[in-house]
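The values are calculated or read from the model by the stated rules, or taken from the named source; none is laboratory data. Values in this document were obtained by computation on a predicted structure and should not be read as measured data. Cβ atoms come from the backbone with ideal geometry, glycine included; neighbour counts cover every protein chain shown.
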Amino acid sequence: MTDFIHEPVLLEEALSALQPTAGRLYVDGTVGGGGHAEAILEASGPGGRLVGFDRDDRAIAAAAKRLARFGDRVTLHRESFSGLAKRLAKVGCDGVLLDLGVSSPQLDEPGRGFSFQAEGPLDMRMDRRQPVTAEQLVNELESDELATIFWELGGERRSRRIARAIVEQRGMQRLETTTQLADTVERTCPRRGARTHPATGVFQALRMAVNDELGQARAGLDAAWSVLKPGGRLAVITFHSGEDRLVKQFSRGLAKPYTVRGEVDVPELRVPRVPLARELNRRAIKPGAAELERNPRSRSAQLRALEKL
Ligand SMILES: C[S@@+](CC[C@H](N)C(=O)[O-])C[C@H]1O[C@@H](n2cnc3c(N)ncnc32)[C@H](O)[C@@H]1O
(Lines give C-alpha, C1' and ligand atoms only; values in the text may rest on other atoms or scores of the structure.)
Protein backbone atom coordinates (compact mmCIF):
# COMPACT_ATOMS: atom_id res chain seq x y z
CA MET A 1 0.00 0.00 0.00
CA THR A 2 1.44 3.40 -0.97
CA ASP A 3 1.78 6.35 1.43
CA PHE A 4 -1.19 8.69 1.59
CA ILE A 5 0.29 11.82 0.03
CA HIS A 6 -2.00 14.60 -1.14
CA GLU A 7 -0.77 18.07 -2.01
CA PRO A 8 -3.22 20.55 -0.46
CA VAL A 9 -4.78 22.82 -3.09
CA LEU A 10 -5.20 26.61 -2.75
CA LEU A 11 -3.60 26.37 0.69
CA GLU A 12 -2.55 30.01 1.16
CA GLU A 13 -5.87 31.20 -0.23
CA ALA A 14 -7.86 28.94 2.11
CA LEU A 15 -5.84 30.11 5.11
CA SER A 16 -6.31 33.72 4.20
CA ALA A 17 -10.08 33.13 3.98
CA LEU A 18 -10.29 31.28 7.30
CA GLN A 19 -7.78 33.44 9.19
CA PRO A 20 -7.01 30.80 11.82
CA THR A 21 -6.51 32.46 15.20
CA ALA A 22 -5.05 31.21 18.48
CA GLY A 23 -7.52 29.59 20.81
CA ARG A 24 -10.35 29.23 18.27
CA LEU A 25 -12.11 26.10 17.01
CA TYR A 26 -11.98 24.99 13.37
CA VAL A 27 -13.54 22.16 11.40
CA ASP A 28 -11.95 20.44 8.43
CA GLY A 29 -14.83 18.49 6.90
CA THR A 30 -12.58 16.72 4.37
CA VAL A 31 -9.39 16.15 6.28
CA GLY A 32 -7.84 13.79 3.67
CA GLY A 33 -4.09 13.51 4.23
CA GLY A 34 -4.23 16.39 6.71
CA GLY A 35 -2.40 19.06 4.69
CA HIS A 36 -4.92 21.87 5.16
CA ALA A 37 -5.60 20.72 8.73
CA GLU A 38 -1.91 20.88 9.62
CA ALA A 39 -1.63 24.43 8.28
CA ILE A 40 -4.76 25.51 10.21
CA LEU A 41 -3.38 24.00 13.43
CA GLU A 42 -0.01 25.67 12.91
CA ALA A 43 -1.63 29.04 12.26
CA SER A 44 -4.00 28.77 15.23
CA GLY A 45 -1.40 27.73 17.80
CA PRO A 46 -1.18 27.81 20.66
CA GLY A 47 -4.47 26.47 21.74
CA GLY A 48 -6.44 26.51 18.47
CA ARG A 49 -8.35 23.25 18.01
CA LEU A 50 -9.48 21.33 14.96
CA VAL A 51 -12.17 18.71 14.46
CA GLY A 52 -11.61 16.72 11.27
CA PHE A 53 -13.97 14.50 9.31
CA ASP A 54 -13.44 12.08 6.45
CA ARG A 55 -15.46 9.14 5.14
CA ASP A 56 -12.29 7.31 4.10
CA ASP A 57 -10.61 5.09 6.70
CA ARG A 58 -7.21 5.47 5.03
CA ALA A 59 -7.49 9.26 5.04
CA ILE A 60 -8.33 9.27 8.74
CA ALA A 61 -5.37 6.98 9.49
CA ALA A 62 -3.01 9.19 7.46
CA ALA A 63 -4.31 12.40 9.03
CA ALA A 64 -4.02 10.93 12.53
CA LYS A 65 -0.36 10.17 11.86
CA ARG A 66 0.43 13.54 10.34
CA LEU A 67 -1.38 15.53 13.02
CA ALA A 68 -0.24 13.44 16.03
CA ARG A 69 2.19 16.16 17.14
CA PHE A 70 -0.73 18.48 17.90
CA GLY A 71 -1.99 16.10 20.61
CA ASP A 72 -5.41 16.87 22.03
CA ARG A 73 -5.78 19.96 19.85
CA VAL A 74 -7.09 17.56 17.18
CA THR A 75 -10.09 15.22 17.10
CA LEU A 76 -10.84 13.09 14.04
CA HIS A 77 -14.06 11.33 13.02
CA ARG A 78 -14.47 8.77 10.29
CA GLU A 79 -17.83 9.93 9.06
CA SER A 80 -19.49 12.21 6.56
CA PHE A 81 -19.01 15.93 7.09
CA SER A 82 -22.78 16.28 7.37
CA GLY A 83 -22.24 14.76 10.85
CA LEU A 84 -20.55 17.96 11.96
CA ALA A 85 -23.96 19.56 12.58
CA LYS A 86 -24.67 17.15 15.43
CA ARG A 87 -21.16 16.96 16.81
CA LEU A 88 -20.66 20.72 17.01
CA ALA A 89 -24.24 21.85 17.66
CA LYS A 90 -23.59 22.78 21.29
CA VAL A 91 -20.17 24.45 20.95
CA GLY A 92 -20.28 26.06 17.49
CA CYS A 93 -17.06 26.88 15.65
CA ASP A 94 -15.07 29.73 14.11
CA GLY A 95 -14.29 28.32 10.69
CA VAL A 96 -15.11 25.37 8.42
CA LEU A 97 -13.16 24.12 5.43
CA LEU A 98 -14.68 21.78 2.83
CA ASP A 99 -12.21 20.62 0.17
CA LEU A 100 -14.61 18.56 -1.91
CA GLY A 101 -13.85 15.70 -4.27
CA VAL A 102 -11.27 12.95 -4.15
CA SER A 103 -7.72 12.89 -2.88
CA SER A 104 -4.69 11.89 -4.94
CA PRO A 105 -4.15 8.61 -3.03
CA GLN A 106 -7.75 7.60 -3.71
CA LEU A 107 -7.19 8.20 -7.43
CA ASP A 108 -3.77 6.61 -7.51
CA GLU A 109 -4.48 3.34 -5.70
CA PRO A 110 -5.74 0.88 -8.36
CA GLY A 111 -7.57 -1.20 -5.74
CA ARG A 112 -9.97 1.69 -5.06
CA GLY A 113 -11.19 1.61 -8.65
CA PHE A 114 -11.41 5.41 -9.16
CA SER A 115 -9.17 5.59 -12.21
CA PHE A 116 -9.26 4.18 -15.72
CA GLN A 117 -5.50 4.41 -15.87
CA ALA A 118 -4.88 1.21 -13.92
CA GLU A 119 -6.75 -2.06 -13.69
CA GLY A 120 -8.81 -2.39 -10.53
CA PRO A 121 -12.23 -3.44 -9.27
CA LEU A 122 -15.10 -1.08 -10.19
CA ASP A 123 -15.45 0.17 -6.62
CA MET A 124 -15.10 3.99 -6.23
CA ARG A 125 -16.46 4.13 -2.67
CA MET A 126 -14.88 6.76 -0.45
CA ASP A 127 -16.48 5.03 2.54
CA ARG A 128 -15.87 1.33 2.10
CA ARG A 129 -18.59 0.51 4.63
CA GLN A 130 -21.28 1.67 2.21
CA PRO A 131 -22.95 -1.07 0.17
CA VAL A 132 -23.27 0.64 -3.25
CA THR A 133 -20.27 0.35 -5.59
CA ALA A 134 -19.63 1.52 -9.16
CA GLU A 135 -19.89 -2.12 -10.25
CA GLN A 136 -23.46 -2.25 -9.03
CA LEU A 137 -24.46 0.97 -10.80
CA VAL A 138 -22.80 -0.03 -14.06
CA ASN A 139 -24.37 -3.49 -14.11
CA GLU A 140 -27.76 -2.81 -12.59
CA LEU A 141 -29.04 0.64 -13.63
CA GLU A 142 -31.25 1.03 -16.69
CA SER A 143 -29.67 2.51 -19.80
CA ASP A 144 -31.57 5.81 -19.29
CA GLU A 145 -30.43 6.13 -15.70
CA LEU A 146 -26.80 5.60 -16.68
CA ALA A 147 -27.09 8.14 -19.49
CA THR A 148 -28.54 10.72 -17.08
CA ILE A 149 -25.63 10.21 -14.67
CA PHE A 150 -23.04 10.50 -17.45
CA TRP A 151 -24.66 13.65 -18.82
CA GLU A 152 -25.51 15.45 -15.59
CA LEU A 153 -22.43 14.61 -13.55
CA GLY A 154 -19.81 14.01 -16.24
CA GLY A 155 -20.98 16.49 -18.89
CA GLU A 156 -20.70 13.60 -21.36
CA ARG A 157 -22.30 14.53 -24.69
CA ARG A 158 -22.34 10.92 -25.93
CA SER A 159 -24.05 9.72 -22.76
CA ARG A 160 -26.83 7.73 -24.45
CA ARG A 161 -24.52 5.98 -26.86
CA ILE A 162 -22.13 5.02 -24.07
CA ALA A 163 -24.96 3.81 -21.81
CA ARG A 164 -26.32 1.58 -24.61
CA ALA A 165 -22.85 0.13 -25.24
CA ILE A 166 -22.48 -0.67 -21.54
CA VAL A 167 -25.85 -2.42 -21.44
CA GLU A 168 -24.95 -4.43 -24.53
CA GLN A 169 -21.54 -5.38 -23.13
CA ARG A 170 -22.86 -6.41 -19.70
CA GLY A 171 -25.43 -8.61 -21.46
CA MET A 172 -22.46 -10.75 -22.55
CA GLN A 173 -20.34 -10.44 -19.42
CA ARG A 174 -20.71 -8.51 -16.14
CA LEU A 175 -18.40 -5.46 -16.07
CA GLU A 176 -16.18 -5.87 -13.03
CA THR A 177 -13.01 -3.88 -13.65
CA THR A 178 -12.01 -0.34 -14.49
CA THR A 179 -10.33 -1.48 -17.70
CA GLN A 180 -13.41 -3.39 -18.90
CA LEU A 181 -15.44 -0.20 -18.49
CA ALA A 182 -12.78 2.09 -19.99
CA ASP A 183 -12.37 -0.25 -23.00
CA THR A 184 -16.14 -0.38 -23.56
CA VAL A 185 -16.27 3.43 -23.62
CA GLU A 186 -13.21 3.70 -25.84
CA ARG A 187 -14.61 1.20 -28.36
CA THR A 188 -17.80 3.28 -28.56
CA CYS A 189 -16.05 6.65 -28.67
CA PRO A 190 -12.56 6.19 -30.12
CA ARG A 191 -9.96 8.65 -28.92
CA ARG A 192 -9.07 10.10 -32.38
CA GLY A 193 -6.18 12.19 -31.07
CA ALA A 194 -8.13 13.77 -28.18
CA ARG A 195 -5.93 14.73 -25.23
CA THR A 196 -8.25 13.34 -22.60
CA HIS A 197 -9.30 9.70 -22.41
CA PRO A 198 -12.87 9.22 -23.70
CA ALA A 199 -13.86 7.60 -20.37
CA THR A 200 -12.88 10.64 -18.27
CA GLY A 201 -16.42 12.01 -17.93
CA VAL A 202 -17.94 8.57 -17.35
CA PHE A 203 -15.54 7.81 -14.49
CA GLN A 204 -16.05 11.20 -12.88
CA ALA A 205 -19.82 10.83 -13.13
CA LEU A 206 -19.87 7.33 -11.66
CA ARG A 207 -17.64 8.39 -8.78
CA MET A 208 -19.94 11.31 -7.99
CA ALA A 209 -23.01 9.06 -8.17
CA VAL A 210 -21.52 6.27 -6.02
CA ASN A 211 -20.62 8.79 -3.31
CA ASP A 212 -23.68 11.04 -3.79
CA GLU A 213 -21.27 13.96 -3.96
CA LEU A 214 -23.76 16.69 -4.88
CA GLY A 215 -26.20 15.58 -2.17
CA GLN A 216 -23.34 15.44 0.31
CA ALA A 217 -22.12 18.90 -0.69
CA ARG A 218 -25.60 20.34 -0.12
CA ALA A 219 -25.88 18.67 3.28
CA GLY A 220 -22.34 19.75 4.18
CA LEU A 221 -22.98 23.42 3.40
CA ASP A 222 -26.12 23.43 5.56
CA ALA A 223 -24.37 21.59 8.37
CA ALA A 224 -21.36 23.92 8.29
CA TRP A 225 -23.56 27.00 8.30
CA SER A 226 -25.60 25.72 11.22
CA VAL A 227 -22.54 25.48 13.51
CA LEU A 228 -20.64 28.62 12.49
CA LYS A 229 -20.61 31.40 15.07
CA PRO A 230 -21.24 34.97 13.90
CA GLY A 231 -17.96 36.24 12.42
CA GLY A 232 -17.03 32.62 11.58
CA ARG A 233 -15.95 31.74 8.06
CA LEU A 234 -16.76 28.97 5.63
CA ALA A 235 -14.29 28.16 2.83
CA VAL A 236 -15.20 25.64 0.14
CA ILE A 237 -12.91 24.25 -2.57
CA THR A 238 -14.63 22.51 -5.49
CA PHE A 239 -13.35 20.68 -8.56
CA HIS A 240 -16.60 20.30 -10.49
CA SER A 241 -18.74 22.99 -12.11
CA GLY A 242 -21.96 21.57 -10.62
CA GLU A 243 -20.48 21.73 -7.14
CA ASP A 244 -19.18 25.26 -7.66
CA ARG A 245 -22.65 26.33 -8.85
CA LEU A 246 -24.13 24.89 -5.68
CA VAL A 247 -21.68 26.78 -3.48
CA LYS A 248 -22.21 29.99 -5.44
CA GLN A 249 -26.01 29.77 -5.11
CA PHE A 250 -25.65 28.96 -1.42
CA SER A 251 -23.47 32.01 -0.71
CA ARG A 252 -25.45 34.37 -2.95
CA GLY A 253 -28.66 33.28 -1.19
CA LEU A 254 -27.26 34.14 2.23
CA ALA A 255 -25.57 37.37 1.14
CA LYS A 256 -28.70 38.85 -0.48
CA PRO A 257 -30.29 41.79 1.33
CA TYR A 258 -33.75 40.31 0.71
CA THR A 259 -35.77 37.09 0.58
CA VAL A 260 -38.22 36.25 -2.20
CA ARG A 261 -41.90 35.45 -1.79
CA GLY A 262 -42.45 32.57 -4.20
CA GLU A 263 -40.26 30.68 -6.63
CA VAL A 264 -39.01 33.40 -8.97
CA ASP A 265 -36.66 36.22 -8.00
CA VAL A 266 -38.40 39.33 -9.38
CA PRO A 267 -38.12 42.76 -7.72
CA GLU A 268 -41.88 42.93 -6.93
CA LEU A 269 -41.69 39.80 -4.78
CA ARG A 270 -38.61 40.80 -2.76
CA VAL A 271 -38.83 41.31 0.99
CA PRO A 272 -35.89 43.30 2.40
CA ARG A 273 -33.83 41.75 5.20
CA VAL A 274 -30.38 42.11 6.71
CA PRO A 275 -27.91 39.87 4.78
CA LEU A 276 -26.88 36.75 6.68
CA ALA A 277 -23.44 36.46 5.09
CA ARG A 278 -20.70 38.42 3.39
CA GLU A 279 -19.02 36.89 0.37
CA LEU A 280 -15.27 37.35 0.84
CA ASN A 281 -14.74 37.37 -2.94
CA ARG A 282 -17.29 38.03 -5.61
CA ARG A 283 -15.58 35.60 -8.00
CA ALA A 284 -14.22 32.16 -7.20
CA ILE A 285 -10.48 32.09 -6.51
CA LYS A 286 -8.43 29.82 -8.77
CA PRO A 287 -4.88 28.51 -8.48
CA GLY A 288 -2.12 30.80 -9.74
CA ALA A 289 0.50 29.87 -12.35
CA ALA A 290 3.02 28.64 -9.75
CA GLU A 291 0.54 26.24 -8.18
CA LEU A 292 -0.65 24.97 -11.57
CA GLU A 293 2.94 24.28 -12.51
CA ARG A 294 3.69 22.51 -9.23
CA ASN A 295 0.43 20.58 -9.05
CA PRO A 296 -1.45 20.09 -12.34
CA ARG A 297 -4.29 18.37 -10.43
CA SER A 298 -5.23 21.76 -9.02
CA ARG A 299 -6.31 22.99 -12.47
CA SER A 300 -10.06 22.76 -11.93
CA ALA A 301 -10.01 23.94 -8.28
CA GLN A 302 -12.11 26.94 -7.23
CA LEU A 303 -12.41 28.47 -3.78
CA ARG A 304 -15.37 30.44 -2.45
CA ALA A 305 -15.54 31.80 1.06
CA LEU A 306 -18.07 33.64 3.16
CA GLU A 307 -18.38 35.13 6.60
CA LYS A 308 -21.40 34.67 8.83
CA LEU A 309 -22.79 38.04 9.92
C1 LIG B 1 -9.58 16.73 -1.88
S2 LIG B 1 -9.46 15.62 -0.56
C3 LIG B 1 -9.05 16.60 0.81
C4 LIG B 1 -7.58 16.79 1.00
C5 LIG B 1 -7.17 17.54 2.25
N6 LIG B 1 -7.69 18.89 2.27
C7 LIG B 1 -5.67 17.53 2.42
O8 LIG B 1 -5.09 18.60 2.61
O9 LIG B 1 -5.06 16.45 2.38
C10 LIG B 1 -11.13 15.27 -0.25
C11 LIG B 1 -11.35 14.33 0.92
O12 LIG B 1 -12.71 14.47 1.30
C13 LIG B 1 -13.23 13.23 1.65
N14 LIG B 1 -14.67 13.34 1.48
C15 LIG B 1 -15.36 13.54 0.33
N16 LIG B 1 -16.68 13.63 0.59
C17 LIG B 1 -16.81 13.54 1.94
C18 LIG B 1 -17.94 13.58 2.82
N19 LIG B 1 -19.17 13.73 2.37
N20 LIG B 1 -17.71 13.49 4.14
C21 LIG B 1 -16.43 13.33 4.63
N22 LIG B 1 -15.35 13.26 3.83
C23 LIG B 1 -15.53 13.36 2.51
C24 LIG B 1 -12.56 12.26 0.71
O25 LIG B 1 -12.55 10.97 1.27
C26 LIG B 1 -11.15 12.86 0.60
O27 LIG B 1 -10.28 12.29 1.54
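Which one is surrounded by the most Cβ atoms within 10 Å (Cβ to Cβ) among residues in region 77-97 that are assigned to a strand (DSSP E or B) and more than 8 Å from the ligand (Cβ to nearest atom)? Full working, then the answer.
Initially, region 77-97 is screened for residues assigned to a strand (DSSP E or B), giving 77, 93-97.
After this cut, where a residue has to be more than 8 Å from the ligand (Cβ to nearest atom) as well, the list is 77, 93-96.
Working: H77: 16, C93: 20, D94: 23, G95: 30, V96: 26.
Filtering first and then ranking leaves G95.
Taking V96 as the residue in question, decide whether it is touching a strand residue (DSSP E or B) at 6+ places or on another chain (Cβ under 6 Å) and over 23 Å from C189 (Cβ atoms). Outline the logic, then answer.
Details: touching a strand residue (DSSP E or B) at 6+ places or on another chain (Cβ under 6 Å): yes; over 23 Å from C189 (Cβ atoms): yes.
The answer is yes for V96.
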(1) within 10 Å of the ligand (Cβ to nearest atom); (2) surrounded by 15 or more Cβ atoms within 10 Å (Cβ to Cβ): which one isn't true of L18, the others all being true? (1)
Residue check: is D108 charged (D, E, K, R), more than 11 Å from the ligand (Cβ to nearest atom), surrounded by fewer than 18 Cβ atoms within 10 Å (Cβ to Cβ) and free of Cβ contacts under 8 Å to residues at least 24 places away in the same chain? no
Among (1) outside any loop (DSSP other than H, G, I, E, B); (2) within 21 Å of the chain's Cα centre (by Cα); (3) under 30 Å from E13 (Cα atoms), the one test that S115 misses: (1)
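Can you name the residue in region 195-253 that is in a loop (DSSP other than H, G, I, E, B) and within 16 Å of the ligand (Cβ to nearest atom) and, of all such residues, is surrounded by the fewest Cβ atoms within 10 Å (Cβ to Cβ)?
Restricting attention to region 195-253, the residues satisfying the condition of being in a loop (DSSP other than H, G, I, E, B) are 195-199, 211-212, 239-240.
From what's left, within 16 Å of the ligand (Cβ to nearest atom): 211-212, 239-240.
Details: N211: 21, D212: 14, F239: 19, H240: 21.
The extreme case among them is D212.
Kindly indicate whether L25 is closer than 17 Å to R73 by Cβ and either more than 14 Å from the ligand (Cβ to nearest atom) or surrounded by fewer than 22 Cβ atoms within 10 Å (Cβ to Cβ) (or both).
Numbers: closer than 17 Å to R73 by Cβ: yes; either more than 14 Å from the ligand (Cβ to nearest atom) or surrounded by fewer than 22 Cβ atoms within 10 Å (Cβ to Cβ) (or both): yes.
Against the criterion (closer than 17 Å to R73 by Cβ and either more than 14 Å from the ligand (Cβ to nearest atom) or surrounded by fewer than 22 Cβ atoms within 10 Å (Cβ to Cβ) (or both)), L25 qualifies.
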Only one of (1) buried (at least 17 other Cβ atoms within 10 Å of the Cβ); (2) in a loop (DSSP other than H, G, I, E, B) fails for R128. Which number is that? (1)
Which condition from (1) within 20 Å of the chain's Cα centre (by Cα); (2) on the phi > 0 side of the Ramachandran plot; (3) not in a loop (DSSP other than H, G, I, E, B) is the one that G101 breaks? (3)
Near the ligand (Cβ under 9 Å from one of its atoms) and at pLDDT below 95, is that true of G35? no
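Given the residues G23, G47, G71, which is the only one that is in contact with a Ser or Thr (Cβ under 8 Å, 6 or more places away or on another chain), on the phi > 0 side of the Ramachandran plot, assigned by TED's automatic domain parsing to the domain that holds K229 and without any contact (Cβ under 8 Å) to a residue 40 or more places away in the chain?
Values: G47 fails: in contact with a Ser or Thr (Cβ under 8 Å, 6 or more places away or on another chain); G71 fails: in contact with a Ser or Thr (Cβ under 8 Å, 6 or more places away or on another chain).
Result: G23 is the single residue among G23, G47, G71 that is in contact with a Ser or Thr (Cβ under 8 Å, 6 or more places away or on another chain), on the phi > 0 side of the Ramachandran plot, assigned by TED's automatic domain parsing to the domain that holds K229 and without any contact (Cβ under 8 Å) to a residue 40 or more places away in the chain.
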